[in-house]
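Single-structure report; data block below.
The values are calculated or read from the model by the stated rules, or taken from the named source; none is laboratory data. Remember, it's a predicted structure, so these values are computed and weren't measured experimentally. With ideal geometry, Cβ positions are generated from the backbone for all residues, glycine too; neighbour counts draw on all protein chains shown.
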Amino acid sequence: MPADIVAAALRVAERTATDVADVPILAIATEAGISRSTLIRRLGGSRQVLDEAVRAAGVNPGGRAPVRDRATAAAAELISAEGSGAATLEAIAHRAGCSVHSLYATFGGRDALLAAMFDRYAPVLDIATVVAAADDDLRVTVGRIYRVAAEALMREPRVVPAMLADAISHPATAPHGLFGHAVPRMLATIGPWLSAEVAAGRIRDLPLPVLIQQMIAPIAMHTMLRPTLESVPVIQLPPLAECVEMFADAFVKAVGAQPSNRGGNES
């Protein structure tokens, strides 16, 4: 199989974010500057010849994940290991094994790529599932939210802890496009439930952003710092599950509506 045919197939696959096995023969022929019939003749009438040549070049013709999946995974790994600043389009493309052009074709730009990465690796969907099944027991729901959040935040790649570390250490240069996506997503996920709890009289009527900070900050900071603290010999942290329950109790005590003393102290 001529190398120029293999190269043409790989270029079209990369440009269209498609597996080589899914690229039409006509598209490959056009890229190679030959007719479809000529390409078929060179292939001996079998697509398998091209697939084997592509595999010999080190690429699985039908086994690569789509560019979207590879790029969001690459961005998450870069942010977890080196911070948000490391997740340039060039670095993401290199790690994902694709071109920058493919990233633009798939996402339209870096902000949209990072937004897709956040949706995939942040615990928003896990929390949304818990909130959707919430009942009238505030403490039970808070405990469930903290448990799924802690599990997600401690799981590699650790995107949210890395984002928070960037925001704290470099507030002026943190990726505002990413935070501009993440904050509304969190508001939309937890906000309606918290508002309903306020309306039901189970939570004090505090500003919604403050309530969300009060809820998320303890578990987010704990998971961000826990790996480092666990390496300090003089610090003995309780198991994560126990910490989760402590934080849930603390939140309910801090914002839970206090029962009114209707009768007062009669003398």
Number of the condition not met by Arg70 [criteria: (1) under 29 Å from Arg158 (Cα atoms); (2) part of a loop (DSSP other than H, G, I, E, B)]: (2)
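Return a yes/no flag: does region 36-54 have any residue that is under 30 Å from Gly108 (Cβ atoms) and either of a type in the set (Val, Ile, Thr) or not assigned by TED's automatic domain parsing to the domain that holds Tyr104 (or both). Spell out how you get there, then give the answer.
Of region 36-54, the ones under 30 Å from Gly108 (Cβ atoms) are 54.
Still in the list and also either of a type in the set (Val, Ile, Thr) or not assigned by TED's automatic domain parsing to the domain that holds Tyr104 (or both): 54.
Checked against the condition, which is being under 30 Å from Gly108 (Cβ atoms) and either of a type in the set (Val, Ile, Thr) or not assigned by TED's automatic domain parsing to the domain that holds Tyr104 (or both), region 36-54 yields at least one hit.
Return yes when Asp51 is loosely packed, with under 13 Cβ neighbours inside 10 Å and in a helix (DSSP H, G or I) and no when it is not. If you could, list the steps in order and put the result at the bottom.
Numbers: loosely packed, with under 13 Cβ neighbours inside 10 Å: no; in a helix (DSSP H, G or I): yes.
In short, no.
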One residue from Ser102, Ser35, Ser46 being touching a residue at least 60 places away in the same chain (Cβ under 8 Å) and of a type in the set (Ser, Thr, Tyr): Ser102
Subset of region 162-175 [among the hydrophobic types (A, V, I, L, M, F, W, C) and in a helix (DSSP H, G or I)]: Ala162, Met163, Leu164, Ala165, Ala167, Ile168
Residue within region 85-100 that is over 18 Å from the mean Cα position of the chain (by Cα), among the hydrophobic types (A, V, I, L, M, F, W, C) and under 22 Å from Ala182 (Cα atoms) present: no
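Looking only at region 82-91, how many residues end up being under 20 Å from Leu164 (Cα atoms), touching a helix residue (DSSP H, G or I) at 6+ places or on another chain (Cβ under 8 Å) and in a helix (DSSP H, G or I)? Before you say what the answer is, go through the steps one by one.
Kept after step one, since they are under 20 Å from Leu164 (Cα atoms), are these residues of region 82-91: 82-88.
From the residues that got through so far, the ones that are touching a helix residue (DSSP H, G or I) at 6+ places or on another chain (Cβ under 8 Å) too are 83-88.
If we keep only those that are in a helix (DSSP H, G or I) as well, we get 84-86.
Summing the residues that are under 20 Å from Leu164 (Cα atoms), touching a helix residue (DSSP H, G or I) at 6+ places or on another chain (Cβ under 8 Å) and in a helix (DSSP H, G or I) in region 82-91 gives 3.
Please determine, by comparing only the residues of region 75-106 that are more than 22 Å from Val59 (Cβ to Cβ) and among the hydrophobic types (A, V, I, L, M, F, W, C), which one is surrounded by the fewest Cβ atoms within 10 Å (Cβ to Cβ).
Of region 75-106, the ones more than 22 Å from Val59 (Cβ to Cβ) are 76, 78-88.
Now narrow it down to the ones that are among the hydrophobic types (A, V, I, L, M, F, W, C): 76, 78-79, 81, 86-87.
Working: Ala76: 23, Leu78: 24, Ile79: 29, Ala81: 12, Ala86: 16, Ala87: 25.
It comes out as Ala81.
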Qualifying residues in region 54-74 (those that are over 26 Å from the mean Cα position of the chain (by Cα) and of a type in the set (A, V, I, L, M, F, W, C)) - the one surrounded by the fewest Cβ atoms within 10 Å (Cβ to Cβ): Ala56
Scope region 1-48; condition of a type in the set (A, V, I, L, M, F, W, C), under 35 Å from the mean Cα position of the chain (by Cα) and assigned to a helix (DSSP H, G or I); matching residues: Val6, Ala7, Ala8, Ala9, Leu10, Val12, Ala13, Val20, Ala21, Ala27, Ile28
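Inside region 26-50, can you point out the residues that are within 25 Å of Val100 (Cα to Cα) and in contact with a helix residue (DSSP H, G or I) (Cβ under 6 Å, 6 or more places away or on another chain)? Show your work before the answer.
In the first step, residues of region 26-50 are kept if they are within 25 Å of Val100 (Cα to Cα); the result is 26-33.
Those that are within 25 Å of Val100 (Cα to Cα) and in contact with a helix residue (DSSP H, G or I) (Cβ under 6 Å, 6 or more places away or on another chain): Leu26, Ala27, Ile28, Ala29, Glu31, Ala32.
Every residue in region 49-70 that is hydrophobic (A, V, I, L, M, F, W, C), within 15 Å of Ala13 (Cα to Cα) and in contact (Cβ under 8 Å) with a residue 12 or more places away in the chain, please. Break it down into steps so the answer makes sense when it comes.
Here is the first cut: in region 49-70, the ones hydrophobic (A, V, I, L, M, F, W, C) are 49-50, 53-54, 56-57, 59, 65, 67.
Going one step further and asking which of them are within 15 Å of Ala13 (Cα to Cα), we end up with 50, 53-54, 57, 59, 65, 67.
Residues satisfying the conditions are Leu50, Ala53, Val54, Ala57, Val59, Val67.
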Looking only at region 165-179, and only at residues there that are over 14 Å from the mean Cα position of the chain (by Cα) and crowded, with 16+ Cβ neighbours inside 10 Å, the one that is modelled with the highest pLDDT: Ala165
